[in-house]
Amino acid sequence: MTTQKSIQKLINKYYQTCSFEEIEHLRFFILDDNASLEEKIKRYKNKQKLINSLELIFKEIVVQRNELAMENGYRDYFHFALDWYGISEKQTQSFMAESRLVIKKIVSRLPISGDISKDYWGKYSSPNLPLVIADKNSYAIPDKVYTFLESKNIANRETLSRIELKQYPNRYFYTDLDKQRKKVVVKCNLESTTSVGALSFAHEMGHALTYLKMIDKNVDPESKSSYWHEKRAILTEMEFEDSLETKVRDANRDRILYQFVLTYFEYYIYSKSDKDFANLYAKANRFCYPTKDSSNPFYVLNTFLVDRPCYSAIYSYIYTELLSRRA
Ligand SMILES: [Zn+2]
């Protein structure tokens, strides 16, 4: 029998092979750095063996997760996880039917100018369009977002002062709920001045304000599904998104596309019999980006796939639902 414990053992093996910090560093080194394509290829070749070992362990994790799902009466782990997150089969069907159009709409509006390198969509790159476009504005955290929330009457000063902010220099921000102390702590990079940072912060504010409302009404936040919570957060994020210049807003949707890539990739690896994951990752990339790569092993540099399996589907489904309704 497969258990969460045996899967956890494999996850530990993954991080023993390459620590979280090391993976973050490699990801930056191979995908985000401004180095030339030749240099990045060289860096990859030097680490190819390590990346191959991670691929093998990741495959084992996927096999075991599927076994666990089937033992619980599910078709595969993708459907198992989504059910757990509060997503129905019907929502998966609408996502499959509507996402193509949403992807097309986002891609057609990306403010891509001539100075963006043709390698931008290639596998040795990760989406960061908001940082590439010329944008003189500063989006200081928390001021820029707090001013916005107050101006729209989404929250007042008093409520905002109840949210504790903690410096957290990670790429992903995080909202912690301390049920015992009835406190909400948002871990974010308070030094960030980019639109990406402000949008992520607005998203976390959506979580934090929802938690506070529920605490005040004596409702247990955990009584609601992950999907329900993420929808509240994304609605706040989208309200803030509306306040951005069109070009900045469109550039930031590049990030949304990346969530679609991850969702399609996870759908493929858990539900298809094709076990060439590098192939399937390239396929997911081709579905969302104008790229021609036929193989891409760099999914192993995204720890989200290891730690929060199929979680990006929640984001993708909500973005599809909201964006397909917009002009
Ligand atoms: Zn969230």
So for the stretch 242-263 (the condition being more than 20 Å from the chain's Cα centre (by Cα), at pLDDT below 95, basic (K, R) and closer than 19 Å to G197 by Cβ), does at least one residue qualify?
yes
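Among the residues of the stretch 166-184, how many are within 16 Å of the ligand (Cβ to nearest atom) and surrounded by fewer than 17 Cβ atoms within 10 Å (Cβ to Cβ)? Talk me through it step by step, then tell me what you get.
Initially, the stretch 166-184 is screened for residues within 16 Å of the ligand (Cβ to nearest atom), giving 168, 170-177, 184.
This time we only want the ones that are surrounded by fewer than 17 Cβ atoms within 10 Å (Cβ to Cβ), so: 168, 170-172, 174, 176.
Count: 6.
For the stretch 215-241, which positions are more than 15 Å from the ligand (Cβ to nearest atom) and without any contact (Cβ under 8 Å) to a residue 24 or more places away in the chain? Write out each step before concluding.
Taking the stretch 215-241 first, the residues more than 15 Å from the ligand (Cβ to nearest atom) are 215-220, 223.
Scanning the stretch 215-241 gives D216, K217, N218, V219, S223.
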Tell me whether the stretch 260-272 contains one or more residues that are of a type in the set (S, T, N, Q), touching a residue at least 12 places away in the same chain (Cβ under 8 Å) and in the same structural domain as V107 (by TED's automatic domain parsing).
yes
Which of the numbered conditions does A198 fail, given that it passes all the others? Conditions: (1) away from the ligand (no atom under 11 Å from the Cβ); (2) free of Cβ contacts under 8 Å to residues at least 24 places away in the same chain; (3) of a type outside the set (F, W, Y); (4) crowded, with 21+ Cβ neighbours inside 10 Å.
(2)
Quick one: what pairs do we get from the stretch 98-113, first residue part of a helix (DSSP H, G or I), second at pLDDT 90 or above and among the hydroxyl-bearing types (S, T, Y), C-beta under 6 Å, 6+ apart or different chains?
E98/T320; E98/S324; S99/T320; V102/T320; V102/S324
Of all residues making up the stretch 264-277, the number that are at pLDDT below 95 and closer than 20 Å to L110 by Cβ
0
Does the stretch 201-214 hold any residues that are within 12 Å of the ligand (Cβ to nearest atom) and touching a residue at least 24 places away in the same chain (Cβ under 8 Å), and which are they?
F201, A202, H203, E204, M205, G206, H207, A208, Y211
Considering each residue of the stretch 292-321, count those that are surrounded by fewer than 16 Cβ atoms within 10 Å (Cβ to Cβ) and within 24 Å of S108 (Cβ to Cβ), and give that number.
1
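The values are calculated or read from the model by the stated rules, or taken from the named source; none is laboratory data. None of these values were measured; they are calculated from a predicted model. Glycine also receives a Cβ, built like all others from the backbone with ideal geometry; neighbour counts cover every protein chain displayed.
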